[in-house]
Amino acid sequence: MPGSRHRSRRKSIYDPVHGTVTLSEAPLALVGDAAFQRLWGIRQTGFAHLVFPGANHTRLEHSLGVYWVARTMAERLGLGIHDTMMVASGGLLHDLGHPPFSHTFDPTLHEVFGHGHEAISRARIVGERPFGSTLPALLERFGLDPKGVAELVDPRTAGRDSELLRTMLHSAVDADRIDYLQRDAHYTGVAHGAIDAVRLLETTRVYQNRLAFAEKGRSALEGFLVGRSLMYTSVYFHKTVRSAELMAQAAVERMPGFPEVAGTLLLGTDGELLAALALVPGASGELVQGLLERRLHKRMTGWKPDELGDRAAWTRLLRRPARRREIEDDLAHRLRAPVGSVLLDLSGVVPRTDPASDFGSVVLLEDGRPTRPFRRASLWHSIWARPPQPSAVNLYGASRVRAEARALRRAVVRLVEG
């Protein structure tokens, strides 16, 4: 563990959400690492700034916030110095693997690397190729096990000894969500995410080595649930934000040599990705130019869940991105429009997680007895299960093809279910 020499060096950062965030020598060293500094160049909310101009906050700011929330939570629970530094370091490093524009390229990341950003965060923390870094040596210098921190960031094995620390970073109400809801609400100006974080932190408890909450925190938990659901509808799945995300995905997917050539771009920053794509002739460059000039595709039509017909066919399409691209390009060809002019948003094909297994897992201690009040069918189930957008599938198109929405609707169904 770091001695007094390490504890004596501190710096303070003013954060618009949490106020003064103090960093001792260990987190200071981690913050200075190149893998962490890359997060300056990645917007926290992807392309939300095209709708909410203030949403230019970065993954680095959010990571500092999660560090502070996790550390504060650990101190409130009375954890020892080592456990506090482990979970705080996990919070600090949990987003190292994010591609440019954050969650925009989650599907593309799986297609290119075969896994999500959590696995890349783990690889950076433990120094695995090809994502190696100097972080393992830094963590070991301060008595922190890189594999232990990586397991908190990307849990793969069950272990009761670290279960509490894992739930502080991976549960329905955790340090990550407590920070990003407040931060995204602050920068977008959307008040729905203005949760009562102070009350949540004051009422955190431990039950059977997992995170729980005292009864007096129930109102704060209810506000958290409502705020999270409304932020998905108002910000994360806003139709214009989704349009920009689809255009960016399509620009990467239409690069010559995709998916092999995309790996380097997905490990860079927002600016690096856009600058590289802008130089690619054809669809990739044209789509990026549309993003830079805010000439975005518009939602043309959509299919509600009960309109999908052969639901299995749509689910298969979600899992076959190459086939989805074939359909999009076929539709554009029929209209004599450039590739990338017609894009499918399949994000609502698979329903959101069961509320009973997500928010229903929250433990509330009533007179010291554990209860799970959000597991029962109730108003809270309806709020959480409500889809963030009315349609399960949406069709977006460039201005030149929008008049063909009705014909495209019929053609899509034939191509998917035929």
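The figures follow:
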| read-out | value |
| --- | --- |
| Qualifying residues in segment 374-406 (those that are out of contact with any Gly (no Cβ under 7 Å at 6 or more places or on another chain), over 30 Å from Arg334 (Cβ atoms) and in contact (Cβ under 8 Å) with a residue 40 or more places away in the chain) - the one surrounded by the most Cβ atoms within 10 Å (Cβ to Cβ) | Trp384 |
| Residue within segment 210-217 that is surrounded by 21 or more Cβ atoms within 10 Å (Cβ to Cβ), of a type in the set (Gly, Ala, Ser) and closer than 29 Å to Gly54 by Cβ present | no |
| Elements of type strands (runs of 3 or more DSSP E) in segment 290-372, at least 1 residues being of a type in the set (A, V, I, L, M, F, W, C) and surrounded by 20 or more Cβ atoms within 10 Å (Cβ to Cβ) | 298-303, 342-345, 364-366 |
| Hits in segment 117-136 (condition: among the hydrophobic types (A, V, I, L, M, F, W, C) and closer than 21 Å to Phe105 by Cβ) | Ala119, Ile120, Ala123, Ile125, Phe131 |
| All positions within segment 138-175 that are at pLDDT 95 or above and farther than 24 Å from Val69 by Cβ | Glu140, Arg141 |
| Listing of helices (runs of 4 or more DSSP H) fully contained in segment 116-159 that carry 3 or more residues being assigned by TED's automatic domain parsing to the domain that holds Met86 and within 13 Å of Leu92 (Cα to Cα) | 117-126, 146-153 |
| Scan of segment 30-54 for residues that are charged (D, E, K, R) and in contact with a strand residue (DSSP E or B) (Cβ under 7 Å, 6 or more places away or on another chain), ordered by number | Arg43 |
| Candidate set: segment 196-209, residues that are part of a helix (DSSP H, G or I) and among the aliphatic types (A, V, I, L, M); chosen: the one surrounded by the fewest Cβ atoms within 10 Å (Cβ to Cβ) | Val198 |
| Hits in segment 55-84 (condition: among the basic types (Lys, Arg) and touching a strand residue (DSSP E or B) at 6+ places or on another chain (Cβ under 8 Å)) | Arg59, Arg76 |
| Candidates Glu61, Glu75 - the one that is free of Cβ contacts under 8 Å to residues at least 40 places away in the same chain and either within 19 Å of Ala185 (Cβ to Cβ) or acidic (Asp, Glu) (or both) | Glu75 |
| In segment 178-195, the residues that are surrounded by fewer than 19 Cβ atoms within 10 Å (Cβ to Cβ) and either in contact with a helix residue (DSSP H, G or I) (Cβ under 7 Å, 6 or more places away or on another chain) or closer than 18 Å to Val21 by Cα (or both) | His186, Ala191, Ala194 |
| Residue among Leu274, Leu279 that alone is outside the structural domain of Pro100 (by TED's automatic domain parsing), in contact (Cβ under 8 Å) with a residue 12 or more places away in the chain and in contact with a helix residue (DSSP H, G or I) (Cβ under 8 Å, 6 or more places away or on another chain) | Leu274 |
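The values are calculated or read from the model by the stated rules, or taken from the named source; none is laboratory data. This is a predicted model, so every value here is computed, not measured. Here the Cβ is made from the backbone with ideal geometry for all residues, glycine too, and neighbour counts use every protein chain on show.
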